[in-house]
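The values are calculated or read from the model by the stated rules, or taken from the named source; none is laboratory data. This structure is a prediction, so every number in the text was calculated from the model and none was measured. Please note: Cβ atoms are built from the backbone with ideal geometry, for glycine as well, and neighbour counts cover all protein chains shown. The area values use the complete protein model at the heavy-atom level, side chains included, leaving out ligands, DNA and RNA. Shrake-Rupley method; radii C 1.70, N 1.55, O 1.52, S 1.80 Å.
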Amino acid sequence: MSPDDRSKYNNEDNFEDDLFKKYSFDEDKHKSRDYEDEDEIINSGRHAKRFPEDERFIPEEESRAQAEDDFFTDRDFEFRNGDTEEWDDDGARSTKIRAKRRKRRFIFTSVTVMVLLVLLSIGIVFGYRYIKNKYFSGTSESQPTQAETSIEIPSSIKLGRDLSIIIAGADSNLLEPQIKSLILSKYTVSDSRLVSLCMPVNALFDIPGFGQDTISKAAGFGGMDLMKLAVKNNLGVDVENYLLMDVISIVNKLESVKLKLSSEIEITNPDGSKTLLKEGENIINGETAYNFLSYFSGQNPDVSVSATGFQKILTDSIIKKIAGSQKGDLAGNLSKINDYIETDLSLEELAEIISTISQLKSEKNKIYTLDGRIVPLDEAGNIVIVPDISKVSSIFGVEGKAEQEEPVYETGQTVRVVVLNGAGTKGLAGQVSDLLKGLSFSDGKPRYEILPPGDAQNYNFVTTVISVKSEEDANIAALEHLTKVLMVLSGEINVNADQESDIVVIVGMDFDYNAAIANLENITGGQTVETGSQATETTEGSSAQTETYVLNILNGEGTQGIASTVKKILEDKLNSGGKVIEVKETKNADNFNYGATKIIIHKDKSGIKDIADRIKDILDVGEISESSDNVDNVDITVIVGSDYTK
């Protein structure tokens, strides 16, 4: 309809009605007609040309599928608001999809926030140790003070006051540390001298508030402050400060330390493996350092208690590495290890004591060990040490006496020694030979291989003479040790390349046996000194013992005649140079189920511990203990266990 035709209508409504009639399908009109087939219906009407000719006839299944696809769309059910400018042309389906996506994003965000909160909580809980160690000192760092470090330490950074401190080496858990080394050190500024006492970590102490337990557990009970108090109460030495070190992390952060040894040592690691450390310098990492301290901690029943002196050797090596050799090394190294130490010293005080110790010469850096009696706890080999504190006061209290004492820790090579009687006193060479036979290095290695004693070419030696075959290091070290032990003050010292043994000792008229025994106890710092089993010389056999010890030997494993066999062995070994033991009785024990041989001390007689040690050495088995249960009234009871016959 053209615009001209449209003008004849009076209004818009009449125009729309006529337009509807023109294009609508007249159903009544078509009802009155008969169509030959369905095609005529399709081809009739105003929309007969809607489908092309080639699309009219399609298979029924395809037609239905097309109808389902094209029947309705989301747009057929959307209504526009003519006045609304914002309209979603994608339809309701897209709107729902976006709503689902928003929901998923909300869930993902919520889960992410929860995970972050959990991680934050874990960080707060497990970050306690890090925060505690990082800010342990409670003081600000003093970089200018730390930076003034070099080989020649300025006097301003040296320790300027007397100080007593416990230095402990442990594993990586400083909150509940497994302590493997414990050293009590006292520095005296007046003579720039440091005296250190190495303690077995399994020494029995009375811990305030917790009763008797091993000293290493004090740190776990109440921290290092409790350990300071326990050491003070038990040893009578005031302890002002402490330094607890994570040995593994510190050594690894410092990229190894140099451990210098005077002889080769093989240590057994906690896992049972072996580590061989050579004579001279060894470059070791943190794990080896910790295993080294564990081996010499006092907890190993196969290692002498006096070997705890090795703790100080390694600790000094670590301190020297921290101090460094160049200007600024100390400041840098303290920064590296700050998270792996716990101390009540300020950083300035810590720098001062590290600098001071690292510069001490050996004569100003004395080492002693806290000796004691080993007490087995169980058949698994666990032991504790009952400490002998009788010499502690002299070590730390009497300055002059402590200065003249030799450090108890030392390693070296065994040398061959022969002792000759040059004074004519009957049995003199045998006495000295017996005295030297019992001496050993801290790792248990014998100092001397004692050859049969004899007489000198005459008895006119007024002073004691010591001669060496050569000036090798081992011979010179042994000569210096013998000079101190035998108190050779004015005797001659010669080099004789023609002699067979490494060292020849000609005992002169100036020798005092009793004074040498007392002097030896001071030099060894409380170590037990064994006497030899026999020494024969031309003038007389070995000197007689002043004490006779009464023994009972019991059969605790069931083999017939085993107690009598052990009796004969002990008498042959111990009584060869005089009557040392008297076996009162051999009989059966209360049962035959003793797995380990027992050596039980009943009386507190002079030298009885030495005899118990010698019995253990002769039998090559035995657990030494003490008991007041003494129905047989003897000095020592030996119960032979099945370990003796294995």
Legend entry - Selection within the stretch 218-267 - assigned to a strand (DSSP E or B) and in contact (Cβ under 8 Å) with a residue 60 or more places away in the chain: N241, Y242, L243, L244, M245, D246, V257, K258, L261, I265
Legend entry - Condition met for G280 (buried (at least 21 other Cβ atoms within 10 Å of the Cβ) and either under 19 Å from F441 (Cα atoms) or touching an Asp or Glu at 6+ places or on another chain (Cβ under 7 Å) (or both)): no
Legend entry - Residue list for the stretch 170-189, filter: hydrophobic (A, V, I, L, M, F, W, C) and in a loop (DSSP other than H, G, I, E, B): L174, L175, I179, V189
Inset, instruction - Please name all residue pairs, on different chains or six or more residues apart, with Cβ atoms under 7 Å, provided the first residue is in the stretch 616-632 and is modelled with pLDDT of 85 or more and basic (K, R) and the second residue is open to solvent by less than 50 Å² (accessible area, probe 1.4 Å) and not in a helix (DSSP H, G or I). - result: K616/I599; K616/G622; K616/I624
Inset, instruction - Considering (1) under 41 Å from the mean Cα position of the chain (by Cα); (2) at pLDDT 85 or above; (3) acidic (D, E); (4) more than 30 Å from I615 (Cα to Cα), say which one E449 fails and leave the rest. - result: (4)
Legend entry - Pairs with Cβ under 7 Å, 6+ apart, first in the stretch 268-287 and at positive phi, second of a type in the set (K, R): G280/K260
Inset, instruction - Determine which single condition I608 fails, assuming it passes every other condition in (1) over 21 Å from V375 (Cβ atoms); (2) open to solvent by less than 30 Å² (accessible area, probe 1.4 Å). - result: (1)
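Condition check ((1) in contact with a Ser or Thr (Cβ under 7 Å, 6 or more places away or on another chain); (2) hydroxyl-bearing (S, T, Y); (3) within 30 Å of R161 (Cβ to Cβ)) across all residues:
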| position | (1), (2), (3) |
| --- | --- |
| I284 | yes, no, no |
| Y290 | no, yes, no |
| L293 | yes, no, yes |
| N300 | no, no, no |
| S306 | yes, yes, no |
| G324 | yes, no, yes |
| G332 | no, no, yes |
| E342 | no, no, yes |
| L347 | yes, no, yes |
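Quick grid of which residues meet (1) out of contact with any helix residue (DSSP H, G or I) (no Cβ under 9 Å at 6 or more places or on another chain); (2) farther than 25 Å from A477 by Cβ; (3) among the charged types (D, E, K, R):
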position: A230; (1), (2), (3): no, yes, no
position: N233; (1), (2), (3): yes, yes, no
position: N252; (1), (2), (3): no, yes, no
position: K258; (1), (2), (3): no, no, yes
Inset, instruction - Take I165 and decide whether it is open to solvent by less than 10 Å² (accessible area, probe 1.4 Å), modelled with pLDDT of 90 or more and outside any strand (DSSP E or B). - result: no
Legend entry - Leading residue by the ranking (modelled with the highest pLDDT) among those in the stretch 280-323 that are in contact with a Gly (Cβ under 9 Å, 6 or more places away or on another chain) and of a type in the set (F, W, Y): Y290
Inset, instruction - Test E571 against the stated conditions and say whether it is modelled with pLDDT of 90 or more and either open to solvent by 40 Å² or more (accessible area, probe 1.4 Å) or closer than 25 Å to G372 by Cα (or both). - result: no
Legend entry - the stretch 174-202 - residue that is open to solvent by 30 Å² or more (accessible area, probe 1.4 Å) and touching a residue at least 40 places away in the same chain (Cβ under 8 Å) and, of those, nearest to S164 (Cα to Cα): K186
Legend entry - Lone qualifier among F210, F205 - being farther than 30 Å from L330 by Cα, out of contact with any Lys or Arg (no Cβ under 7 Å at 6 or more places or on another chain) and open to solvent by less than 40 Å² (accessible area, probe 1.4 Å): F205
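Looking for whichever is open to solvent by 30 Å² or more (accessible area, probe 1.4 Å) and over 42 Å from the mean Cα position of the chain (by Cα) here; the options are V583, V631. Which one fits?
Within the list V583, V631, the selection yields V631.
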Inset, instruction - Considering every residue within the stretch 232-241, establish whether at least one is under 20 Å from the mean Cα position of the chain (by Cα) and at negative phi. - result: no
Legend entry - Spans of strands (runs of 3 or more DSSP E) in the stretch 433-514 with at least 3 residues surrounded by fewer than 17 Cβ atoms within 10 Å (Cβ to Cβ): 493-495
Inset, instruction - State all residues of the stretch 303-329 that are of a type in the set (V, I, T) and either farther than 23 Å from P376 by Cα or buried (at least 22 other Cβ atoms within 10 Å of the Cβ) (or both); if no residue qualifies, say none. - result: V305, T308, I313, T315, I318, I319, I322
Inset, instruction - May I ask you to list pairs of residues, at least six apart or on different chains, whose Cβ atoms are under 9 Å apart, with the first in the stretch 603-614 being within 15 Å of S627 (Cβ to Cβ) and the second being open to solvent by 30 Å² or more (accessible area, probe 1.4 Å) and among the acidic types (D, E)? - result: D604/E626; K605/E547; I608/E547
